[in-house]
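**Q** Handing you a structure now.
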Amino acid sequence: MWKVARSAASSLRKSRQWMSTAIPGPCIVHKRGADILHDPWFNKDTGFPLTERDRLGLRGLLPPRVISFEHQYARFMESFVSLEKNTQGQPSNIVSLSKWRILNRLHDRNETLYYRVLIDNIKNFAPIIYTPTVGLVCQNYSGLFRRPRGMYFSAKDKGEMMSMIYNWPGRQVDMIVLTDGSRILGLGDLGVQGIGIPIGKLDMYVAAAGINPQRILPVMLDVGTNNPKLLEDPLYLGLRQPRLEGDEYLAIVDEFIEAVHARWPKAVVQFEDFQMKWAFETLERYRKRFCMFNDDIQGTAGVALAGLLGAVRAQGRPLTDFANQKIVVVGAGSAGLGVLKMALQAVSRMTESTADSHFFLLDKDGLITKERKGIDPAAAPFAKSLGEIEGLGLGEGSSLIEVVKKVKPHVLLGLSGVGGVFNEQVLKAMRESDSTKPAIFAMSNPTANAECSAADAFKYAGENIVFASGSPFANVELGNGKTGHVNQANNMYLFPGIGLGSLVSGARIITDKMLQAAAECLASYMTDEEIQNGVLYPSIDCIRDITAEVGAAVLRQAIAQDVAEGHGDVGPKELSHMSEEETVQYVKNNMWYPIYSPLVHEK
């Protein structure tokens with residue numbers, strides 16, 4: 001049984017702590033009776049007090065006993081633990097989907113209780129509502145679909161999006177996560193089923209950043225799919241047509257972005273899981289006009305950079321030595337190129353040079369050099385000239401094992417989406433690294449697509465490594481009382497803080513320096529002792545504290561670059577006069593917490 005199984009008594013104690021943090025003000029509702037019970041935002045299930053039942057027309061529609069929020073919480077946790085017992089021994093995908101279903105049913109029924117459960121148990125529930133289970137959910141989404149969540153804009157809606165956006169019932173939206181389903185994790189084109197990614201990401205925004213769940217919007221931009229299995233699937237819920245390309249595609253995205261910012265000009269938009277060509281194209285197209293970022297390019301890069309800086313600290317060397325680190329990056333997609341771009345920016349700040357001779361980029365065809373024909377323009381800046389690598393005995397298309405053996409990299413970083421590409425031979429070659437504490441980052445999601453497992457990394461590359469992965473792995477027992485620590489290098493450490501900091505600063509745009517500030521804040525979060533023990537990232541249990549620090553760093557950089565316009569009643573002048581500690585507290589004060597509010601009916 002896992003650690004989330006706490007007793008009802010301990011649940012009650014934690015509930016009282018939560019309830020004492022704030023006294024909720026009344027919430028005006030324009031519904032009565034059964035309509036309230038069917039609205040997951042306002043529904044309290046059996047928690048409606050008798051006075052509320054009278055004024056909202058709920059008498060007789062609920063069992064007579066009033067159950068407190070604390071007891072509802074404890075009852076759900078008991079149900080969850082019971083489900084876990086009953087599914088022991090079943091295949092992992094069946095267990096994962098069963099856990100997702102019970103949480104999803106609570107989400108559909110009572111959002112306040114759902115988010116309270118999620119926040120209190122984030123370490124154990126994040127893998128269910130987010131990585132890695134969300135990939136499994138997306139693969140099966142058409143069959144799992146029960147209740148619509150978010151909005152769907154399709155190629156058939158061209159010319160109608162400016163009016164469609166007003167179909168969303170929320171008056172204000174602060175955070176939007178958008179996907180076109182073209183590259184879901186490492187699973188490829190899942191079409192409209194990719195909506196599970198924005199839903200999961202926004203659940204993390206609520207849990208980690210305290211974004212009000214009434215002010216979030218998951219969006220699927222359905223422009224078709226090139227996945228033949230989906231086109232033939234009778235349950236598939238999306239457009240049955242090939243994906244739009246070129247100007248037709250961009251016209252759809254343009255129309256949506258213009259519609260969103262016409263209604264909610266201050267909303268932050270996060271692009272998620274777009275295939276590489278559109279990920280880079282849309283980022284450059286919109287980033288100087290709207291408050292938006294691409295998590296696969298920029299969020300992944302920030303988390304990776306934080307880990308890379310941590311790896312330098314783990315070697316006992318100053319951060320400026322990062323400029324001398326030899327880094328082999330496997331995967332030339334949006335994530336891999338985003339990491340290299342941000343790493344190069346970090347080196348430039350340290351050395352005032354744009355040299356990148358220590359970075360080696362590989363794709364499925366091996367090492368990328370300038371001599372390669374048809375090289376992707378986004379990868380071209382990181383391609384090696386033959387003159388740079390001939391002395392190492394390398395050439396165009398050199399294999400991964402050749403590169404690792406001859407370069408002897410300090411860091412081997414995988415964002416390839418190819419499970420097991422860091423095989424036994426590659427990992428053993430890392431034993432000859434020029435680093436006293438080589439780093440192996442297997443960052444692809446979901447778990448099946450990880451470049452290697454934690455157990456294999458420590459087994460073959462040796463015990464004296466630093467290991468990080470995109471999906472969760474258990475720590476590895478090394479014997480003699482030693483433990484190989486597994487770091488989850490997941491975007492959840494950064495994107496909530498980037499979004500929240502941008503929102504509460506009222507940033508017009510999200511700049512490279514704001515993203516760098518987020519990464520450097522995360523990199524400095526760990527103590528030297530933790531770093532020396534191989535711990536590069538903090539525990540997800542303190543994700544709200546991490547997000548507050550990262551958000552405040554983003555806010556301060558937005559002020560420094562004069563792109564902050566203020567939020568609510570707090571203007572840019574007031575923000576600029578805040579101390580570092582005051583900005584952290586300001587960010588925390590803007591976080592929403594799940595507490596039942598008294599409901600007052602108004603016609």
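The values are calculated or read from the model by the stated rules, or taken from the named source; none is laboratory data. None of the values given here were measured: they were computed from a predicted structure. For neighbour counting, all protein chains shown are included, and Cβ atoms are generated from backbone atoms with ideal geometry for every residue, glycine included.
**Q** Could you list, in sequence order, all residues of the range 448-485 that are in a strand (DSSP E or B) and either hydroxyl-bearing (Ser, Thr, Tyr) or buried (at least 24 other Cβ atoms within 10 Å of the Cβ) (or both)? Outline the logic, then answer.
**A** Initially, the range 448-485 is screened for residues in a strand (DSSP E or B), giving 466-469, 476-479, 482-484.
Within the range 448-485, VAL466, PHE467, ALA468, SER469, THR483 meet the criteria.
Conditions (1) surrounded by 24 or more Cβ atoms within 10 Å (Cβ to Cβ); (2) over 19 Å from the mean Cα position of the chain (by Cα); (3) of a type in the set (Val, Ile, Thr), marked per residue:
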site	(1), (2), (3)
PRO169	no, yes, no
ILE195	yes, no, yes
ALA207	yes, no, no
PRO218	no, no, no
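**Q** If a residue counts only when it is in contact with a helix residue (DSSP H, G or I) (Cβ under 6 Å, 6 or more places away or on another chain), which helices (runs of 4 or more DSSP H) contained entirely in the range 508-603 have at least 2 such residues? Working first, answer last.
**A** Numbers: elements: 512-523, 528-532, 543-560, 572-576, 580-589.
The helices (runs of 4 or more DSSP H) meeting that bar are 512-523, 543-560, 572-576, 580-589.
**Q** If I ask for residues that are at positive phi and of a type in the set (Asp, Glu), which ones from the range 549-589 would you list? If you could, list the steps in order and put the result at the bottom.
**A** Of the range 549-589, the ones at positive phi are 562, 566, 568.
Answer for the range 549-589, where residues must be at positive phi and of a type in the set (Asp, Glu): just ASP562.
**Q** Could you figure out which of (1) farther than 24 Å from VAL421 by Cα; (2) under 19 Å from the mean Cα position of the chain (by Cα); (3) part of a helix (DSSP H, G or I) isn't true of ASP296?
**A** (1)
**Q** Consider only pairs whose beta carbons are under 7 Å apart and that are at least six residues apart or on different chains; among these, list those whose first residue lies in the range 146-166 and is under 18 Å from TRP264 (Cβ atoms) and whose second residue is part of a helix (DSSP H, G or I) and of a type in the set (Phe, Trp, Tyr).
**A** PHE153/PHE256; MET161/PHE256
**Q** Residues that are closer than 30 Å to THR282 by Cα, at least 2 per element: which helices (runs of 4 or more DSSP H) completely within the range 310-409 meet that? Full working, then the answer.
**A** Values: elements: 334-351, 386-389, 400-407.
Where helices (runs of 4 or more DSSP H) fall fully within the range 310-409 and carry at least 2 residues being closer than 30 Å to THR282 by Cα, they are 334-351.
**Q** Of all residues in the range 431-447, how many are in contact with a Ser or Thr (Cβ under 6 Å, 6 or more places away or on another chain) and either part of a helix (DSSP H, G or I) or within 14 Å of GLY307 (Cβ to Cβ) (or both)?
**A** 2
**Q** Hey, another quick one. Those residues that are touching a residue at least 60 places away in the same chain (Cβ under 8 Å), in a loop (DSSP other than H, G, I, E, B) and not charged (D, E, K, R), I need them from the range 232-287; list them, please.
**A** LEU235, TYR236, LEU237, GLY238, LEU239, GLN241, LEU244, TRP264, ALA267, PHE274, GLN275
**Q** Here is a follow-up. Run TYR286 past the list (1) under 22 Å from LYS364 (Cα atoms); (2) not assigned by TED's automatic domain parsing to the domain that holds GLU451 and report the number of the one that doesn't hold.
**A** The single condition TYR286 does not satisfy is (1).
**Q** Having 3 or more residues that are at pLDDT 95 or above and closer than 27 Å to GLU248 by Cβ is the bar; report the helices (runs of 4 or more DSSP H) wholly within the range 91-184 that clear it. Show your work before the answer.
**A** Working: elements: 92-109, 111-120, 122-129, 133-139, 141-144, 161-164.
Per the criteria, 161-164.
**Q** How many residues does the range 234-258 contain that are over 20 Å from MET276 (Cα atoms) and either at pLDDT below 95 or small (Gly, Ala, Ser) (or both)? Before the answer, list the steps.
**A** Of all residues in the range 234-258, those over 20 Å from MET276 (Cα atoms) come to 234-241, 255, 258.
Add one more test, that the residue is either at pLDDT below 95 or small (Gly, Ala, Ser) (or both), and what stays is 234-235, 238.
The qualifying residues number 3.
Listed here are the residues, each with its yes/no results for (1) over 25 Å from GLY307 (Cβ atoms); (2) crowded, with 16+ Cβ neighbours inside 10 Å; (3) among the β-branched types (Val, Ile, Thr).
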residue: CYS542; (1), (2), (3): no, no, no
residue: ALA553; (1), (2), (3): no, yes, no
residue: VAL563; (1), (2), (3): yes, yes, yes
residue: GLY568; (1), (2), (3): yes, no, no
residue: SER579; (1), (2), (3): yes, no, no
residue: VAL584; (1), (2), (3): no, yes, yes
residue: LYS588; (1), (2), (3): yes, yes, no
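**Q** Here is a further query. Which residue pairs have Cβ atoms under 7 Å apart, sit 6 or more places apart or on different chains, and have a first residue in the range 574-602 that is free of Cβ contacts under 8 Å to residues at least 12 places away in the same chain and within 28 Å of ARG556 (Cβ to Cβ) and a second that is surrounded by 15 or more Cβ atoms within 10 Å (Cβ to Cβ) and not small (Gly, Ala, Ser)?
**A** Close Cβ pairs (under 7 Å, with a partner that is surrounded by 15 or more Cβ atoms within 10 Å (Cβ to Cβ) and not small (Gly, Ala, Ser)) amount to MET578/TYR586.
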